[in-house]
Amino acid sequence: MKIVAAMSGGVDSAVAAARAVDAGHDVTGIHLALSRNPQSYRSGARGCCTIEDSNDARRAADVIGIPFYIWDLSDRFHEDVVVDFMDTYAAGQTPNPCLRCNEKIKFAAVLDRALALGFDAVATGHYARLEPTADGGVELHRAVDHGKDQSYVLGVLDDRQLRHSLFPLGDTPKHEVRREAAERGLLVADKPDSHDICFVANGDNAGWLREKLQDRHSDGAPFLSPGRIVDEAGEVLGTHEGTYGFTIGQRKGLRIGRPAADGRPRFVLDIEPVSGTVTVGPRERLAVERIHADRPRWCGAPLAPGSTTEVTVQLRAHGDEHRAVVRLDRSGAEVEIELLDPAFGIAPGQAAVIYQGSRVIGSATIAATERVPA
């Protein structure tokens, strides 16, 4: 097959491209230029898509012996990922930009361009597995290395996208990938994994949001205005510079003037962007027993409208699985998740990814939660 290998400049995507060549595919490496202004790329940060990453990807392609190109998707990335990130925080919710990038960029914009150019599939360094089905389709499963598993951020891919995807690393532990990279002479063998949000220059999400939201809303907006931090009884405990800087479950950076009477730490329980109110309380008040979600996406055959299914759900990229019962409404547009064991600190805007065993069934965006009664 003719394969586009998306090369971020890291060790995983480099080894994935090399394995695609070993498998006999005709491979072309690409690196995504995602910044509208290349000078705004970070230098030396532990993210992805920096100038150094672009150079590392090119050198890896040279070692592997494949053609290499840079595709400019900066406008699409800005609208579908960066603006979504800003809007979600402005609404008092918590986004996952890596998940959105997979949905809108790597397996939509990139795949669509690749297919239009005559390629058959896109290969990436994600840790996940694709298993064939009896009817000729594919299923998305967790990686063998559960510590590196990235099936959560791939839970937004639909059946068509999965049929045109390759994940060559899904059956390999990370330490073996690094060893293989060294044996192949790839200079990225010991390169640190990326952790930062790629478009936030210094890892300061709140500072970045403040600057960008002020530029977009020069006439002011409630979520940019100072407000109150209160307890559940409404007593004012402190002030803040804008609700955009908070997320449900947050503990650090609250700047509360005095400790709680019982000495326990406080966590963000609720965010009201219109009134500018942030409510805090003890950790046990974060326990969620029911989730309402919308915008479901299915990795293969969807759950039947009106159905009830016992599953497990993962609610964070690196979180635990929770036993649950999922109910899909008759329209197929809304998902209700009853958690059999409470989960803590779940925020609207996050994704609930649904599993049966190791298989990813699909995902939905969390719209609201119901907490365990006090």
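Being out of contact with any Pro (no Cβ under 6 Å at 6 or more places or on another chain), surrounded by fewer than 19 Cβ atoms within 10 Å (Cβ to Cβ) and either at pLDDT below 90 or among the basic types (Lys, Arg) (or both) is not true of residue 100.
Annotation note: Cβ proximity below 6 Å between a residue of the range 44-55 that is of a type in the set (Ser, Thr, Tyr) and a residue that is at pLDDT 70 or above (sequence gap 6+ or interchain) occurs for 54/31. Looking at 162, 157, can you tell me which residue is out of contact with any Phe, Trp or Tyr (no Cβ under 6 Å at 6 or more places or on another chain), of a type in the set (A, V, I, L, M) and either under 25 Å from residue 60 (Cβ atoms) or crowded, with 16+ Cβ neighbours inside 10 Å (or both)? Going through 162, 157 in turn, just one is out of contact with any Phe, Trp or Tyr (no Cβ under 6 Å at 6 or more places or on another chain), of a type in the set (A, V, I, L, M) and either under 25 Å from residue 60 (Cβ atoms) or crowded, with 16+ Cβ neighbours inside 10 Å (or both): 162.
Are any of the residues in the range 130-145 within 14 Å of the chain's Cα centre (by Cα), touching a residue at least 12 places away in the same chain (Cβ under 8 Å) and surrounded by fewer than 20 Cβ atoms within 10 Å (Cβ to Cβ)?
Taking the range 130-145 and keeping what is within 14 Å of the chain's Cα centre (by Cα), we get none.
No, there is no match, as no residue in the range 130-145 is within 14 Å of the chain's Cα centre (by Cα), touching a residue at least 12 places away in the same chain (Cβ under 8 Å) and surrounded by fewer than 20 Cβ atoms within 10 Å (Cβ to Cβ).
Counting the residues of the range 103-132 that are at pLDDT 95 or above and among the aromatic types (Phe, Trp, Tyr) gives 2. Looking across the range 170-195, the residues that are closer than 21 Å to residue 128 by Cα and assigned to a loop (DSSP other than H, G, I, E, B) come down to 170, 171, 172, 173, 191, 192, 193, 194, 195.
Can you work out which of the residues in the range 341-352 that are among the small types (Gly, Ala, Ser) and not in a loop (DSSP other than H, G, I, E, B) is surrounded by the fewest Cβ atoms within 10 Å (Cβ to Cβ)?
343
Do we have any residue at all in the range 201-215 that's more than 27 Å from the chain's Cα centre (by Cα), in contact (Cβ under 8 Å) with a residue 40 or more places away in the chain and assigned to a loop (DSSP other than H, G, I, E, B)?
Within the range 201-215, the subset more than 27 Å from the chain's Cα centre (by Cα) is none.
Checked the range 201-215: no residue is more than 27 Å from the chain's Cα centre (by Cα), in contact (Cβ under 8 Å) with a residue 40 or more places away in the chain and assigned to a loop (DSSP other than H, G, I, E, B).
The one condition from (1) surrounded by fewer than 16 Cβ atoms within 10 Å (Cβ to Cβ); (2) within 30 Å of residue 161 (Cβ to Cβ); (3) not small (Gly, Ala, Ser) that residue 302 does not meet is (1).
The values are calculated or read from the model by the stated rules, or taken from the named source; none is laboratory data. Remember, it's a predicted structure, so these values are computed and weren't measured experimentally. Note: ideal-geometry Cβ built from the backbone for every residue, glycine included; neighbour counts use all protein chains shown.
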